[in-house]
Structures are given as C-alpha cells and as structure tokens.
Amino acid sequence: MLSFTNKKKKFFYPIQKQRENTTYRSINGYISSGALVCFFILLQVTSLISLYLLDHAYLIEANKQSTIDLSCISYAKAMIQHNERIRQCHFDPKDLILEKSEVINDVFVTFRDENTFIDCMYEKKEKKVHMRIYYDTQGIFDMDFL
C-alpha cells in the first residue's frame, strides 16, 4: 500500500508543481507584475531626470540672456548720461555719441541714439534681438523688445 501511494505522488507531483508555478509566473517565465512595476518606476525616474536637465539648461540660457540685456542697459545708461551732459551744458554737438558698437560676452552689440530712445541691436544664435531703451532728462523710464 505504501508503494502505491509513492507511485501516486510521483505521478501527480509534477502536475501540482507546474500548476503552482503558473499562478506566479507569466508565459515567458518572468514575474510580470514585478517587472511592470520596476519598468514604470524606471520610466518615472528617467523622465524626472530628463525634465530636471532640460530645466537646468533653460535656466543657464536665461542667465546668459539676462547678463547680455543688463550689460546693454548699463552701456546705454552711460551713453545717455554722456549725451545728456553735452546737450544740457551746450557743449559741442560733435562730441555726442550717436552710434556705438561693443562686444559683450562674445556678442556684437550696436547702440544708436535717437534723442528720445536708444536702439540696441544684437544677434544671438541667428536670432536678432532689438531693444529700445526710452529716456528723458531724468534717466531711463521704459524699455521695449521688438
């Protein structure tokens, strides 16, 4: 009787073992739910890192742009003060700086005085930037990007 039960166990044991494995494993032998969770976590981490790097690159570019703009305003302010001093003190009009070219952060910038505003133009990455800085006898009061 004992040998019959051993034969019965040997006969049914592989079938029971196979059923046990199919409940936890997919067809190809990997645990599908765990693999999917790991894949989605990896996907989220990768997208988070790429967004962080993209934002960081935009911040660096914006910082460079604001540095050029602030430098343009500083040069224009010096040009306004010089020209206003000449106009108010009735010095020789030949001393007025009506057009000026400067290199700021490896960018060629031109300034042109139009009596009520200064045109500031430069080219950055094949894009022309045109800035108008309006002034009066008191100083700068407005600025426009065209």
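The values are calculated or read from the model by the stated rules, or taken from the named source; none is laboratory data. Note that the structure is a prediction, hence the values are computed from the model and not measured. All Cβ positions, even for glycine, are placed from backbone atoms using ideal geometry, and neighbour counts span all protein chains on display.
Values computed for the structure shown
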read-out: Pair list, Cβ < 9 Å and 6+ apart or interchain, from the stretch 126-146 residues that are more than 17 Å from residue 99 (Cα to Cα) to residues that are among the polar types (S, T, N, Q) and in a loop (DSSP other than H, G, I, E, B); value: 136/116
read-out: Matching residues in the stretch 97-146 - criterion: being among the hydrophobic types (A, V, I, L, M, F, W, C), in a loop (DSSP other than H, G, I, E, B) and farther than 24 Å from residue 63 by Cβ; value: 97, 98
read-out: Set 31, 15: member being among the β-branched types (Val, Ile, Thr), surrounded by 10 or more Cβ atoms within 10 Å (Cβ to Cβ) and modelled with pLDDT under 70; value: 31
